[in-house]
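Input: a single structure, listed below in structure tokens.
The values are calculated or read from the model by the stated rules, or taken from the named source; none is laboratory data. Keep in mind the model is a prediction, meaning the values are calculated, not measured. Cβ: placed from backbone, ideal geometry, glycine included. Neighbour counts: every protein chain shown. Surface accessibility is based on the protein's heavy atoms, side chains included, excluding ligands, DNA and RNA. Shrake-Rupley method; radii C 1.70, N 1.55, O 1.52, S 1.80 Å.
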Amino acid sequence: MTGFLRLAEDIAREAGDMLLAKRPTMSGEIETKSSPTDVVTILDKASEELIRERVLAARPGDRILGEEGGEAPGESDVRWIVDPIDGTVNFLYGLPDWAVSIAVEVNGQVVAGVVNAAQRGEVYTAALGEGAWLGGERLRCTTGVPLAQALVATGFGYSVSRRAVQGEVVAAVLPRVRDIRRGGSCAIDLCSLAAGRLDAYYERGINHWDFAAAGLVATESGARLGGLHGRPVSPDFALCAAPGLFEELHDLLAPLDPERDA
Ligand code: IPD
């Protein structure tokens, strides 16, 4: 497993360095995807290409799922899950909260994850059963925080019909918690939670590449990550917090039916 983590970290660092170097001149070259607000920059594609090349050079035959290139078939039980830039809109605007995210899954279970928040100069790593780390610092999420004192992060999808419901839901959550944050990168939100900079996170509609690596960072810090009604985390819904707060926030969210779109 250490081998997977080391390789994932080397590749995520190389991609992050490339993005930092090229962002000032090339980040404005964009195309739209699912909606006019859902963009992909030329550098999202360059980052994913670099990551795919490096993974396949080291481990030919492994499968790779990437945000921009979809799933490349392969022979092995190992699948790499890649978000070449999580927080693309932040990247486009020069805000620091974007990250290269790489997870390694073996037989369907994520065993290693790296989130390189390059513009922050922070590389988060986790290996299954071996903890979550920010550089040399072992990460532990906050514990014992009641819902009314919780700093809760969330995010919004790109479609108007989804955002309409997400707006309703956050309006019901806001009066019940310390405050809301919308950072713009699911991967960094989950890593911030692992580092104790946030108490909880929820969002409808995030993809596997958004949460695969950072989800392991969060759970290895002691947090619980799941969906609603005991279901596993999925694009339908993601909820993350220390045990106790997880259940309190769940019980606030579930009756709001946040898995629907308008
Ligand atoms: C987005 C970010 C954002 C979240 C969106 C995601 P992208 O990923 O993680 O925080 O709210 O739901 O789609 O598009 O920047 O890779």
Within segment 82-113, restricting to residues that are near the ligand (Cβ under 9 Å from one of its atoms) and part of a loop (DSSP other than H, G, I, E, B), the one that is surrounded by the most Cβ atoms within 10 Å (Cβ to Cβ) is 98
Do we find that residue 79 is surrounded by 21 or more Cβ atoms within 10 Å (Cβ to Cβ) and charged (D, E, K, R) in this structure?
yes
Looking only at segment 35-77, count every residue that is touching a residue at least 60 places away in the same chain (Cβ under 8 Å) and either of a type outside the set (A, V, I, L, M) or away from the ligand (no atom under 16 Å from the Cβ) (or both) and tell me the total.
5
Filtered residues of segment 170-202 (kept if within 11 Å of the ligand (Cβ to nearest atom) and surrounded by fewer than 24 Cβ atoms within 10 Å (Cβ to Cβ))
181, 182, 183, 184
Only one residue in 206, 188, 180 is in a loop (DSSP other than H, G, I, E, B), at pLDDT 95 or above and aliphatic (A, V, I, L, M), so which one is that?
206
Name every residue in segment 133-145 that is open to solvent by less than 60 Å² (accessible area, probe 1.4 Å) and not in a loop (DSSP other than H, G, I, E, B), in order of residue number.
134
Working only within segment 167-177, note down all residues that are hydrophobic (A, V, I, L, M, F, W, C) and not in a loop (DSSP other than H, G, I, E, B).
169, 170, 171, 172, 173, 174
Residue satisfying all of: in segment 81-127; farther than 14 Å from residue 207 by Cβ and among the polar types (S, T, N, Q); nearest to the chain's Cα centre (by Cα) among these:
116
Residue check, residue 164 open to solvent by 10 Å² or more (accessible area, probe 1.4 Å), aliphatic (A, V, I, L, M), part of a helix (DSSP H, G or I) and in contact (Cβ under 8 Å) with a residue 60 or more places away in the chain
yes
Let me spell it out: the conditions are (1) in a loop (DSSP other than H, G, I, E, B); (2) modelled with pLDDT of 95 or more; (3) within 16 Å of the ligand (Cβ to nearest atom); (4) on the phi < 0 side of the Ramachandran plot, and residue 158 meets all of them except one. Which number is the exception?
(2)
Taking interchain pairs and intrachain pairs at least six residues apart, which have beta carbon atoms under 6 angstrom, with the first residue in segment 114-132 and part of a strand (DSSP E or B) and the second of a type in the set (Phe, Trp, Tyr) and modelled with pLDDT of 95 or more?
115/124; 125/133
What's the number of the condition residue 148 fails, among (1) aliphatic (A, V, I, L, M); (2) within 16 Å of the ligand (Cβ to nearest atom); (3) assigned to a helix (DSSP H, G or I)?
(2)
